[in-house]
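**Q** Dumping the structure here so I can ask a few things about it.
The values are calculated or read from the model by the stated rules, or taken from the named source; none is laboratory data. Treat the numbers as computed from the prediction; the structure is a model and nothing was measured. When we count neighbours, we look across all protein chains shown, and the Cβ atoms used for this are built from the backbone with ideal geometry, even at glycine.
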Amino acid sequence: MAVEKALEQYGAPIYVRKQIVHNTHVVRTLEARGAIFVDETEEVPEGEIVVFSAHGVSPAVHEEARQRGLRTIDATCPLVTKVHNEAKRFAAQDYDILLIGHEGHEEVEGTSGEAPDHIQLVDGLDSVDKVQVKDPGKLVWLSQTTLSVDETTETVARLKERFPTLLDPPSDDICYATQNRQTAVKEIARESQLVIVVGSENSSNSKRLVEVAKDYGADAAYLVDDASFIREEWLDGVTTVGLTSGASVPDELVQGVLAYLAERGFADVQEVEAVEESMRFALPHELRKDLRVVS
């Protein structure tokens with residue numbers, strides 16, 4: 001992870017704007033090693049190192065860092081960067097951009113900041129009827145990368161009822177890890193009375209997994225940070241438990257839940273992998289060379 005590498009390479013403290021990923025265990029572990037998490041760039045002392053989170057930031061945040069003489073490490077997920085680039089390209093062609101996502105999410109704020117005069121947020125089906133555009137013939141949709149695939153598909157379908165010429169993005173915006181987990185949990189939910197999702201409450205992709213599990217047949221589904229959050233009564237009368245995790249959850253937390261369940265009679269484990277994941281991303285380029293002040 002970028003913050004761990006930065007701590008190894010430059011030593012503490014390393015400042016991080018927002019949570020590097022939406023997982024409380026990861027954040028606590030990094031804090032113990034010397035990472036300092038802040039909400040805004042202005043909280044970072046001048047000249048210090050700041051890491052921008054995987055969810056991305058707007059050009060205005062980059063400019064503020066430059067003005068404060070901060071040394072920056074951009075840990076934006078490449079899939080989020082792809083959406084940013086799409087937003088800039090369509091805005092340059094004077095398209096109206098409908099960004100499907102959740103209001104207030106860091107990723108939505110970062111993407112919107114790339115072309116604020118062209119981007120309009122569509123936060124779920126209820127927002128579709130409120131959309132107003134200059135030219136329905138120059139209209140495209142993009143999405144936050146951690147949404148429910150089914151919910152996004154439904155929102156796009158409703159948008160196309162209003163705007164039949166709405167253009168699709170050149171490639172799927174939703175994160176492959178998010179999609180793969182949602183595909184797997186659909187299969188798991190059909191065979192499970194209870195589904196446990198390991199992930200934090202502020203993790204959009206983890207919360208979506210709970211919703212998908214309930215929609216696809218699980219009698220109950222719960223989100224837990226780790227095994228200590230599981231309540232014994234959830235297991236009463238249950239013979240089959242499904243287990244999955246959010247995209248940024250450390251494997252040790254999943255193993256902890258497996259151990260908890262094994263101690264209570266759920267020792268027979270069958271793995272479900274809907275799609276084999278082979279994609280790997282390189283470290284931010286700032287960690288592959290000497291770090292310099294943004295100019």
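**Q** Might you check whether a residue that is of a type in the set (Ser, Thr, Tyr) and within 25 Å of residue 175 (Cα to Cα) occurs anywhere in segment 12-19?
**A** Scanning segment 12-19 turns up no residue that is of a type in the set (Ser, Thr, Tyr) and within 25 Å of residue 175 (Cα to Cα).
**Q** Answer with yes or no whether residue 187 is farther than 26 Å from residue 85 by Cβ, at pLDDT below 95 and in contact with a helix residue (DSSP H, G or I) (Cβ under 8 Å, 6 or more places away or on another chain).
**A** When the stated conditions are applied, residue 187 does not pass them.
**Q** Tally up the residues in segment 163-199 that are part of a loop (DSSP other than H, G, I, E, B), hydroxyl-bearing (Ser, Thr, Tyr) and surrounded by fewer than 23 Cβ atoms within 10 Å (Cβ to Cβ), please.
**A** So the answer is 2.
**Q** Tell me the residue from 227, 262 that is in contact with a helix residue (DSSP H, G or I) (Cβ under 6 Å, 6 or more places away or on another chain) and either surrounded by 17 or more Cβ atoms within 10 Å (Cβ to Cβ) or not basic (Lys, Arg) (or both), please.
**A** 227
**Q** Checking the structure you have, find out if any residue of segment 103-121 is modelled with pLDDT of 95 or more and over 19 Å from residue 60 (Cβ atoms).
**A** no
**Q** Looking at (1) closer than 14 Å to residue 142 by Cβ; (2) touching a residue at least 60 places away in the same chain (Cβ under 8 Å); (3) touching a Gly at 6+ places or on another chain (Cβ under 8 Å), find the lone condition where residue 95 falls short.
**A** If we test residue 95 against (1) closer than 14 Å to residue 142 by Cβ; (2) touching a residue at least 60 places away in the same chain (Cβ under 8 Å); (3) touching a Gly at 6+ places or on another chain (Cβ under 8 Å), just (3) comes out false.
**Q** Being under 23 Å from residue 214 (Cβ atoms) and surrounded by fewer than 17 Cβ atoms within 10 Å (Cβ to Cβ) is the filter here, so list the residues in segment 125-150 that pass it.
**A** Of everything in segment 125-150, those that are under 23 Å from residue 214 (Cβ atoms) and surrounded by fewer than 17 Cβ atoms within 10 Å (Cβ to Cβ) turn out to be 125, 126, 150.
**Q** Oh, and also: Condition test on residue 83, is it touching a residue at least 60 places away in the same chain (Cβ under 8 Å) and either surrounded by fewer than 19 Cβ atoms within 10 Å (Cβ to Cβ) or of a type in the set (A, V, I, L, M, F, W, C) (or both)?
**A** yes
**Q** Taking into account only those residues within segment 220-256 that are among the hydroxyl-bearing types (Ser, Thr, Tyr) and assigned to a loop (DSSP other than H, G, I, E, B), which is farthest from residue 198 (Cα to Cα)?
**A** Checked segment 220-256; the qualifying residue farthest from residue 198 (Cα to Cα) is 239.
**Q** Here's a follow-up. So for segment 126-142 (the condition being in a helix (DSSP H, G or I) and under 20 Å from the mean Cα position of the chain (by Cα)), does at least one residue qualify?
**A** No, there is no match, as no residue in segment 126-142 is in a helix (DSSP H, G or I) and under 20 Å from the mean Cα position of the chain (by Cα).
**Q** Given the conditions (1) free of Cβ contacts under 8 Å to residues at least 12 places away in the same chain; (2) surrounded by fewer than 17 Cβ atoms within 10 Å (Cβ to Cβ), which single one is not true for residue 27?
**A** (2)
**Q** Give the residues of segment 1-32 that are basic (Lys, Arg) and farther than 20 Å from residue 43 by Cβ, sorted by residue number.
**A** 5
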